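The values are calculated or read from the model by the stated rules, or taken from the named source; none is laboratory data. Predicted model only: the values in this text are computed from it and were never measured. Note that each Cβ is placed from the backbone with ideal geometry, even for glycine, and that neighbours are counted across all protein chains shown.
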Amino acid sequence: MADEKKSKQRHRVMVLESMYPVVALMLILVACVELCDAATVVDVYRLIQYDISGVPFGSRFSSLNHHAASLSFQRGADLSRSVLILPLRELDIGFVQDYISQKQSLGGLLILLPQTFRPGNVGGGSQSSENDGFRNLLAQLEKLLVHGNIPFPVYFAFENEDTDAMLADVKKNDALGQQATATTGGYKLVISVSEPRKIASPTITNIQGWLPGSRADGDSNQLPTIAVVASYDTFGAAPALSVGSDSNGSGVVSLLEVARLFSILYSNPKTRGRYNLLFALTSGGPYNYEGTQKWLKSLDQRMRESIDYAICLNSIGSWDNELLIHVSKPPDNAYIKQIFEGFSNVAEDLGFQVALKHKKINISNSRVAWEHEQFSRLRVTAATLSELSTPPELLENTGSLSDTRQLVNEDAIIKGVKLVAESLAKHIYGHQGKDIKIFADDSSLAVNPFYVRSWLDLLSQTPRVAPFLSKNDPLIMALKKELEDYTAEVSVQHESLDGSFTFYDSTKASLNIYQVASVTFDLLLLLVLGSYLIVLFSFLVITTRGLDDLISLFRRPPSRKVKMA
Amino acid sequence: MTLFHFFNCAILTFGPHAVYYSATPLSEYDTLGTSVKAAVVYLATALVKLVCLATFLQVSETEVFDPYQEALKAMIGFIDVAGLYYALAQLTHRNISQNHKFQAVGLGWAFADSVLHRLAPLWVGARGLEFTWDYVLQGLEANANLVFTISLAALGSLMWLRKNKPKSLIPIIYTCAVIIATMPSITSYLKRVMGWHFPKIVGFELVTSLVMAFISCQLFILCQRPSL
């Protein structure tokens with residue numbers, strides 16, 4: 001008997017042990033079928049997250065798993081577990097400001113932008129007044145979000161049919177007072193990304209192209225140099241959408257076109273001027289032009305001293321009649337006078353005006369508003385050509401969400417290119433005062449509008465926030481190759497963005513929109529099914545065995561007791 | 001609460017089979033073995049059908065109703081009937097009355113059909129966050145299928161196991177059996193040509209199943225009278 005029992009036990013144990021791998025496999029299978037098959041998936045772009053000297057700014061969180069709510073919610077409702085969906089068309093800046101300043105808790109914020117602000121969207125420039133209104137609103141919103149410390153995730157998305165349908169549904173539900181929570185169904189928005197991490201040692205890359213002039217025989221002195229500089233990187237509320245067509249895509253395009261024109265002139269020794277030309281595409285523009293400063297410091301001292309003057313290009317894509325030259329040396333300085341006269345004469349010929357604006361540099365203030373100030377701090381004469389009349393604040397006018405392709409006017413850029421090229425040529429070849437047009441239309445040196453347009457379109461689809469550009473980013477390689485085509489020597493300088501700015505990654509994600517049923521619905525369904533099965537059971541028992549059997553099912557215990565007694 | 005929804009749909013899909021087994025005298029006579037054998041026969045039939053479909057059918061890209069393809073599918077569907085015949089007539093069962101035999105076979109057949117066709121989509125789909133009515137409708141379809149299969153088994157047992165049938169009823173029996181056997185083709189015709197959506201089709205199936213069940217029940221009773 002004992003032996004039998006033991007063998008049975010052993011048998012049982014063996015059976016159990018052999019079941020373990022099967023059970024484990026089943027558990028793994030169960031766990032692996034992780035589902036994310038939402039009805040709708042939308043691309044969303046996160047608000048930037050950065051620190052300045054340790055002070056946090058922007059949205060500090062990235063993952064999202066809450067129900068959707070719209071602006072029609074009841075006042076006083078608790079939104080800390082909801083995502084508020086704000087279409088730009090119905091945005092109330094005051095409301096957002098209140099929410100942020102009073103530090104009210106919110107599960108998340110999803111801002112829906114009209115399709116016209118999408119980077120690849122070229123058409124639709126005609127409904128301008130409505131778009132202008134949106135642009136202003138967007139600029140205000142961006143300023144608010146970029147300079148605030150927001151303890152919930154903020155995402156931007158573009159309106160499409162799915163989001164419109166969802167928003168209409170959510171509004172309807174909210175208006176009825178049924179706010180979406182776990183028990184009342186509705187829409188659930190899920191973005192599953194890991195927590196954002198600091199970008200360790202972000203790099204800024206400066207690209208310079210050197211076009212040497214012709215040295216007369218027997219002339220041992222260093223030739224003077226003229227520099228044309230533009231910063232190519234951007235900064236905006238949504239780094240994955242910061243294409244900065246005007247600030248500073250227009251500057252980059254103009255620089256490339258000027259380089260192309262002068263490379264044609266300089267390729268022929270007979271037309272090569274007695275000036276060297278230095279073209280520089282600098283990075284780190286929004287961060288007090290840190291890249292420009294590092295680039296200047298890395299230049300050979302003699303080369304720096306040979307720079308006659310530098311022209312910095314900043315936002316020259318959307319002006320009509322007047323361009324501004326910003327200087328930091330006083331206007332009655334001889335060099336400044338000469339530069340300004342040269343520019344204004346050419347401008348007159350071309351049919352518009354240039355004005356001179358002077359802003360003194362405050363050495364104690366670390367804020368560098370214009371690129372030429374970095375040159376002036378190192379005693380190089382420089383000026384910035386721009387359509388902006390007031391110096392931009394920190395992180396302003398650096399390629400915001402509203403700065404899309406439609407804001408830029410190709411003709412304005414072409415006029416700017418002509419201005420810079422003719423003025424430089426007049427200075428280089430000594431034609432001041434003479435009425436000679438070198439880069440006339442219909443000549444072989446005409447400004448090429450197709451070139452301008454194609455580069456502008458490319459830049460308007462490429463977000464260029466410096467910490468997110470790797471050292472060998474395709475854009476940097478493309479700019480380098482372009483300068484290599486037009487200049488003799490190109491060098492690329494990688495620096496790390498030190499100083500006070502720290503950035504965090506996770507700029508783009510996919511939003512899954514689920515339509516969920518509430519718990520009450522599931523319970524109701526369970527109730528209905530339970531009663532259906534009970535009815536089915538009783539029906540079958542009655543029809544096959546008779547009603548007596550059904551009643552006897554419930555009366556069995558007493559009859560057993562009777563039997564035992 | 002998505003596992004909850006999965007649970008709900010599972011009891012809708014598979015509950016009626018269990019209820020049928022326990023409510024009717026099938027459980028008293030312990031006909032589980034018959035049902036299991038019928039399920040195994042269904043498995044084999046499904047395999048054969050699969051091979052035939054793969055060999056003879058062309059997969060069309062669009063949802064166009066091609067009469068030849070549908071006729072071919074219907075013919076292959078008759079393999080189902082052959083399988084049912086084998087399960088009813090050829091397999092040896094313990095001594096159970098004809099009445100219970102067809103019910104047990106039909107139950108086992110329908111249960112295997114539900115598990116094979118509906119368990120995997122249910123497991124994968126109903127547990128997601130997204131809510132759709134699809135799985136509830138699928139459960140209702142499983143119910144309709146159960147009724148259809150039992151009716152078909154009843155008619156099958158009438159056709160093959162009962163020797164003395166009133167002559168007048170034979171054509172009706174065969175017509176009903178043909179209608180039930182070609183139900184898949186009918187539903188696919190409705191879906192593609194008439195453009196009916198899933199809820200409508202499921203409703204149609206439920207109604208038809210009840211009608212067919214009623215008719216086959218009446219036929220069964222009518223055929224039972226002479227032997228009484």
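Exactly one residue out of A:Lys270, A:Lys297 is without any contact (Cβ under 8 Å) to a residue 40 or more places away in the chain and over 21 Å from A:Val420 (Cα atoms): that is A:Lys270. Scan region B:55-74 and give yes if some residue there is over 30 Å from B:Trp133 (Cα atoms), in contact with a Phe, Trp or Tyr (Cβ under 8 Å, 6 or more places away or on another chain), at pLDDT 75 or above and away from chain A (no Cβ under 14 Å), otherwise no. Yes, region B:55-74 contains at least one residue that is over 30 Å from B:Trp133 (Cα atoms), in contact with a Phe, Trp or Tyr (Cβ under 8 Å, 6 or more places away or on another chain), at pLDDT 75 or above and away from chain A (no Cβ under 14 Å). Taken together, A:Asp332, A:Asp308, A:Asp246 contain a single residue that is in contact with a Gly (Cβ under 6 Å, 6 or more places away or on another chain) and not aromatic (Phe, Trp, Tyr), which is A:Asp246. With the checklist (1) under 22 Å from B:Leu50 (Cβ atoms); (2) at pLDDT 90 or above; (3) within 14 Å of chain A (Cβ to nearest Cβ) in hand, flag the one item B:Asn143 doesn't pass. It fails just one condition, (1).
Sub-7 Å Cβ pairs linking a first residue in region A:357-380 that is of a type in the set (Ser, Thr, Tyr) to a second residue that is part of a loop (DSSP other than H, G, I, E, B), at least 6 apart or interchain, are A:Ser366/A:Asn288; A:Ser376/A:Ser328; A:Ser376/A:Lys329; A:Ser376/A:Ile361, ordered by first then second residue.
When A:Ile513 is tested against (1) β-branched (Val, Ile, Thr); (2) in contact with a Leu (Cβ under 8 Å, 6 or more places away or on another chain); (3) in a helix (DSSP H, G or I), just one condition goes unmet, and that condition is (3). Looking across region B:193-205, the residues that are touching a residue at least 40 places away in the same chain (Cβ under 8 Å) and within 13 Å of B:Val136 (Cβ to Cβ) come down to B:Phe198, B:Pro199, B:Val202. If I filter region A:530-537 for residues that are within 14 Å of chain B (Cβ to nearest Cβ), modelled with pLDDT under 90 and either more than 21 Å from the chain's Cα centre (by Cα) or not in a helix (DSSP H, G or I) (or both), do I get at least one hit? Yes; the residues of region A:530-537 include at least one that is within 14 Å of chain B (Cβ to nearest Cβ), modelled with pLDDT under 90 and either more than 21 Å from the chain's Cα centre (by Cα) or not in a helix (DSSP H, G or I) (or both). If A:Tyr504 meets every condition in (1) crowded, with 19+ Cβ neighbours inside 10 Å; (2) facing chain B (nearest Cβ under 8 Å) apart from one, which number is that one? Condition (2) is where A:Tyr504 drops out.
None of B:Leu129, B:Leu122 is of a type outside the set (Asp, Glu) and more than 25 Å from B:Ser209 (Cα to Cα) except B:Leu129. Residues of region B:123-141 include none that is surrounded by 23 or more Cβ atoms within 10 Å (Cβ to Cβ), of a type in the set (S, T, N, Q) and in contact (Cβ under 8 Å) with a residue 60 or more places away in the chain. Sub-7 Å Cβ pairs linking a first residue in region A:94-105 that is closer than 16 Å to A:Gly58 by Cβ to a second residue that is of a type outside the set (A, V, I, L, M, F, W, C), at least 6 apart or interchain, are A:Ile100/A:Gly148, ordered by first then second residue.
Only one entry of B:Lys167, B:Lys191 meets the criterion of being in a helix (DSSP H, G or I) and at negative phi, and that entry is B:Lys191. Summed over region A:512-549, residues that are surrounded by 14 or more Cβ atoms within 10 Å (Cβ to Cβ) and touching a residue at least 60 places away in the same chain (Cβ under 8 Å) total 9.
For region A:485-503, a residue qualifies if it is closer than 19 Å to A:Asp473 by Cβ and under 28 Å from the mean Cα position of the chain (by Cα), and the qualifying residues are A:Ser491, A:Val492, A:Gln493, A:His494, A:Glu495, A:Ser496, A:Leu497, A:Phe501, A:Phe503. For B:Val81, the criteria (1) among the aliphatic types (A, V, I, L, M); (2) buried (at least 16 other Cβ atoms within 10 Å of the Cβ); (3) within 14 Å of chain A (Cβ to nearest Cβ) hold in every case but one, which is (3).
For A:Thr205, the test of being closer than 30 Å to A:Ser402 by Cβ, buried (at least 24 other Cβ atoms within 10 Å of the Cβ), among the polar types (S, T, N, Q) and touching a His at 6+ places or on another chain (Cβ under 7 Å) is passed. Entry remark, region B:20-53: residues being assigned to a helix (DSSP H, G or I) and either hydrophobic (A, V, I, L, M, F, W, C) or away from every other protein chain (no Cβ under 14 Å) (or both) number 23 in total.
Residue-by-condition table, conditions (1) at pLDDT 90 or above; (2) touching a helix residue (DSSP H, G or I) at 6+ places or on another chain (Cβ under 8 Å); (3) farther than 23 Å from A:Phe501 by Cα; (4) crowded, with 23+ Cβ neighbours inside 10 Å:
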{"residue": "A:Asp169", "(1), (2), (3), (4)": "no, no, yes, no"}
{"residue": "A:Thr181", "(1), (2), (3), (4)": "no, no, yes, no"}
{"residue": "A:Ala200", "(1), (2), (3), (4)": "no, no, no, no"}
{"residue": "A:Asp217", "(1), (2), (3), (4)": "no, no, yes, no"}
{"residue": "A:Ser247", "(1), (2), (3), (4)": "no, no, no, yes"}
{"residue": "A:Ser254", "(1), (2), (3), (4)": "yes, yes, yes, yes"}
{"residue": "A:Glu257", "(1), (2), (3), (4)": "yes, yes, yes, yes"}
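Would you confirm, using the coordinates I've provided, whether A:Tyr514 is modelled with pLDDT of 85 or more, touching an Asp or Glu at 6+ places or on another chain (Cβ under 6 Å) and facing chain B (nearest Cβ under 9 Å)? The answer is yes for A:Tyr514. Per this entry, A:Ser470 is counted among residues that are surrounded by fewer than 23 Cβ atoms within 10 Å (Cβ to Cβ), over 25 Å from A:Phe117 (Cβ atoms) and hydroxyl-bearing (Ser, Thr, Tyr). Only residues that are polar (S, T, N, Q), in contact with a Lys or Arg (Cβ under 8 Å, 6 or more places away or on another chain) and under 22 Å from A:Ile307 (Cα atoms) were counted in region A:373-430, giving 2. Taking the criterion of being surrounded by fewer than 24 Cβ atoms within 10 Å (Cβ to Cβ), acidic (Asp, Glu) and not in a loop (DSSP other than H, G, I, E, B), the residues of region A:373-421 that qualify are A:Glu410, A:Asp411. Pairs only if they're at least six apart or on different chains, beta carbon under 9 angstrom, first in region B:170-182 and in contact (Cβ under 8 Å) with a residue 12 or more places away in the chain, second aromatic (Phe, Trp, Tyr); list them, first residue then second. These pairs meet every condition: B:Ile180/B:Phe148; B:Ala181/B:Phe78; B:Thr182/B:Phe78. Within region B:12-39, the set of residues being surrounded by fewer than 19 Cβ atoms within 10 Å (Cβ to Cβ) and β-branched (Val, Ile, Thr) comprises B:Val36 only.
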